[in-house]
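One structure below.
The values are calculated or read from the model by the stated rules, or taken from the named source; none is laboratory data. What you see is a predicted model; the values in this text were computed from it and never measured. Reconstructed Cβ throughout: ideal geometry from the backbone, glycine too, with neighbour counts over all protein chains shown. Protein only, heavy atoms only, side chains kept; ligands, DNA and RNA dropped before computing areas. Shrake-Rupley method; radii C 1.70, N 1.55, O 1.52, S 1.80 Å.
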Amino acid sequence: MGTLPFKANYGYKPIISLTLWQVMKTSKTAKERAEILINLYKNLYKTVKLVQERIRKYYNLKKSKGLDLKEGDKV
């Protein structure tokens, strides 16, 4: 299992409980900012997943399959 970069740096998992229903009673500006933050978080999450997949693919290509020894080779 991987670990969140935030948790690795700060030692705890951030609690992101920003939902639009919590912001309904506040001003229009606050609602717009909340929507922007939610969209930024979703985009960041997708980007991190994409980077993780590419790093995993690169690592698997570069990972050694073992020594190229044949029967009778001196070790």
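Scanning segment 41-75 for residues that are out of contact with any helix residue (DSSP H, G or I) (no Cβ under 9 Å at 6 or more places or on another chain), closer than 17 Å to residue 4 by Cβ and open to solvent by less than 100 Å² (accessible area, probe 1.4 Å) yields a total of 6. Beta carbons closer than 7 Å, at least 6 apart along the sequence or on distinct chains, pair a first residue in segment 2-28 that is open to solvent by 90 Å² or more (accessible area, probe 1.4 Å) with a second that is in a loop (DSSP other than H, G, I, E, B) and modelled with pLDDT of 65 or more for 7/13; 13/4.
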